[in-house]
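Data first, discussion second: the structure below is written as structure tokens.
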Amino acid sequence: MIPWSPLARGLLAGSRKTPDDKTATTRSASDEFAWNLYDHPADIDVMRACLEVAIQRGIQPAQVAIAWLLSKPFVTAPIIGATKLEHLNTAVASLDLTLSVEEIHRLETPYQPHAVRGFN
């Protein structure tokens, strides 16, 4: 499996305070597609869990999100969509991160499945 948008269009990168924060980045100000994809009430809890694990580890939330994804044996390669060298460096750093069972549980607990949207 090759997951698309493993950072949820930047939401798991840690720059936004809420899914509808339109002030954090240029993309967040103009990405109407993301506003409609990530509006589930549990989305903010997923963002917070990722940020909390990152803070405890002293690393970037994007590293946590990508490391979680890579902890799944069925994932072969995420499509990260790096637009800056620092994004690529963060993604590469996630290759050396192994999350604990407790951290994985913490990341997965708030998630609630969504209906597939945006590709009608």
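Here, each number is a calculation from the coordinates, and none is a lab measurement. Treat the numbers as computed from the prediction; the structure is a model and nothing was measured. Don't worry about glycine lacking a Cβ; one is built from the backbone with ideal geometry, like all the others, and counts go over all protein chains shown.
If the chain between I104 and V116 were fully stretched, how many nm would it gain, using 0.36 nm times the residue separation less the Cα-Cα distance?
2.0 nm
Can you tally the net charge around P78? Count Lys and Arg as +1, Asp and Glu as -1, for every other residue whose Cβ sits under 14 Å from the Cβ of P78.
Summing Lys/Arg as +1 and Asp/Glu as -1 gives +2.
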